[in-house]
Amino acid sequence: MNDNPGDIPLLFTPIKLRSVVARNRIVSSPMCQYVSVDGAPTEWQLVNFGRFAMSGTGIVFGEETAVEPRGRKTHHCAGIYHDRHIEAYRRITDFIKSLGSVPAIQLGHCGRRASAHGPLKDRAPLTETDARQGLQPWQGIAPSALPENPGRPIPRAMNLDDIRGNIAAWRDAAQRSVDAGYDICEIHGAHGYLIHQFLSPVSNKRTDGYGGSLEGRMRFALEVVDAVRAVWPKDRPLFFRTSAVEGAGGEWGIEDTLALARELKAHGVDVIDCSSGGVMGDGPMPAIPRVPGYQVGYSREIKREVAIPTVAVGMITEPGHAEAILREGHADFIALARELMDNPNWPLHAARALGYGDPLNLVHAREAQRLRLRERHREEYPPGTEVEIPFGPGEQVSYSWAARSAGPRTRR
Ligand SMILES: Cc1cc2nc3c(=O)[nH]c(=O)nc-3n(C[C@H](O)[C@H](O)[C@H](O)COP(=O)(O)O)c2cc1C
């Protein structure tokens, strides 16, 4: 998977998964926007995710997209739980594809983390005050009737009918994702949301076949995977995002994740997206320090032990670091979230930094043509060149500049 055919940096070496080819290994990581209207995306998503395709990102994710209305964290979270959503997402996937990127959807269900304010407010649970303003609270569902933290709303423990209905919702959402034009589907099994709530012994205290042993706790995740895989086309890849370790006070660790990843692979998952955190307990596990590449070790372990392609993500900002992660065989893809928000043209800048043949091939010809012209100007007039700037038919002003960053010096 990591063999490099030539001098192309691995970051820019195309990769084929099933029959889907990504032009490079850069992934814009899923990012919730909290601006959807009744689950449907707006212009914001088209522009926000579209800009990553414009800058040459190989795989462009949207955001966690709920498979049923109560699986949203807030009233403004994205969803794909109704057929009317298909057309709205189709507009985004068409645009992303027209620019040469692969559109990817992350399907999710927040479980007990439902019915809250968004991050711009305080993420607090909705109350009767919100209800009076049209934002009706609702009860979340979960494997067990345990709140996320003391003081948070208590979810309803899912019975077997709930589980069956929920799995059907994942299947239907996956089918709508096909119809909406997505080429990659990721199942969100991380960050303390419903699937993770089933996996973790901290949040899953069930005594039936969906709880107890590791095998029992993995059952819901694997049934979701089977339901999605059954409708997700055989020629398109399925990703699964995992919390490789669950973070402060948690119990789920890397050995559990390796066992899960082996099962996921056997059930038709093609790529493990290696994240962490989301369920907290009283155990001794310390918090994960957010240092550059803090989750790369999880990706390395999963890739090495399970022989499955992985995505590394988390505080990866430097092109050289991204390239080294791939060269060392620690991951097959590099996902960025906040860095792309900070610098949407990161792929173009990374190509320049890594000396990739013709970086401007990454962007649309409409932009590349103008940027090439600017490069020619720079070659023609290197820093230090003395030029005459015309101020009128008979008047010229000498002008020179020391370097691109220095201010101009004019003599009149
Ligand atoms: C605004 C924002 C929204 C996010 N929403 C999601 C999401 O919907 N699903 C998900 O799995 N991760 C989500 N994440 C986590 C990112 O995908 C990523 O894993 C994390 O930010 C670490 O990468 P970074 O250091 O490059 O930002 C979000 C992150 C940010 C900054």
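The values are calculated or read from the model by the stated rules, or taken from the named source; none is laboratory data. Source: prediction; values computed, not measured. No Cβ is skipped: glycine too gets one built from the backbone with ideal geometry, and neighbour counts run over all protein chains shown.
Between Ser177, Ser144, the distinction of being within 16 Å of the ligand (Cβ to nearest atom) and among the polar types (S, T, N, Q) belongs to Ser177 only.
Residue by residue, here is whether (1) touching a residue at least 12 places away in the same chain (Cβ under 8 Å); (2) of a type in the set (D, E, K, R); (3) under 29 Å from Ile184 (Cβ atoms) holds:
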position: Pro309; (1), (2), (3): yes, no, yes
position: Val313; (1), (2), (3): yes, no, yes
position: Glu318; (1), (2), (3): yes, yes, yes
position: Ala324; (1), (2), (3): no, no, yes
position: Ala331; (1), (2), (3): yes, no, yes
position: Leu362; (1), (2), (3): yes, no, yes
position: Glu367; (1), (2), (3): yes, yes, yes
position: Glu380; (1), (2), (3): no, yes, no
position: Phe391; (1), (2), (3): no, no, no
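Right, Lys73: over 14 Å from the mean Cα position of the chain (by Cα), under 21 Å from Ser276 (Cα atoms) and either in the same structural domain as Ala180 (by TED's automatic domain parsing) or not hydrophobic (A, V, I, L, M, F, W, C) (or both) or not? The answer is yes for Lys73. If you check Val27, Val21, Val47, Val35 for being over 14 Å from the mean Cα position of the chain (by Cα) and within 12 Å of the ligand (Cβ to nearest atom), only one passes: Val35.
Show me the strands (runs of 3 or more DSSP E) found entirely inside the range 1-64 where at least 1 residues are small (Gly, Ala, Ser) and either modelled with pLDDT of 95 or more or outside the structural domain of Asn361 (by TED's automatic domain parsing) (or both).
Values: elements: 15-17, 20-22, 26-28.
Qualifying strands (runs of 3 or more DSSP E): 20-22, 26-28.
Reported count of residues in the range 247-257, each being surrounded by fewer than 18 Cβ atoms within 10 Å (Cβ to Cβ) and touching a residue at least 24 places away in the same chain (Cβ under 8 Å), is 5. For Leu146, indicate whether it is free of Cβ contacts under 8 Å to residues at least 60 places away in the same chain and more than 30 Å from Ala22 (Cβ to Cβ). Considered against the rule, which asks whether it is free of Cβ contacts under 8 Å to residues at least 60 places away in the same chain and more than 30 Å from Ala22 (Cβ to Cβ), Leu146 comes out as yes.
If you check Ile80, Ile141 for being closer than 30 Å to Met280 by Cα and either over 22 Å from the mean Cα position of the chain (by Cα) or modelled with pLDDT under 95 (or both), only one passes: Ile141. Only one of the listed residues (Lys16, Lys97) is under 19 Å from Tyr182 (Cβ atoms), touching a residue at least 40 places away in the same chain (Cβ under 8 Å) and surrounded by fewer than 24 Cβ atoms within 10 Å (Cβ to Cβ). That residue is Lys97. Looking across the range 342-373, the residues that are closer than 15 Å to Ile59 by Cα, within 16 Å of the ligand (Cβ to nearest atom) and surrounded by fewer than 23 Cβ atoms within 10 Å (Cβ to Cβ) come down to Pro344, Asn345.
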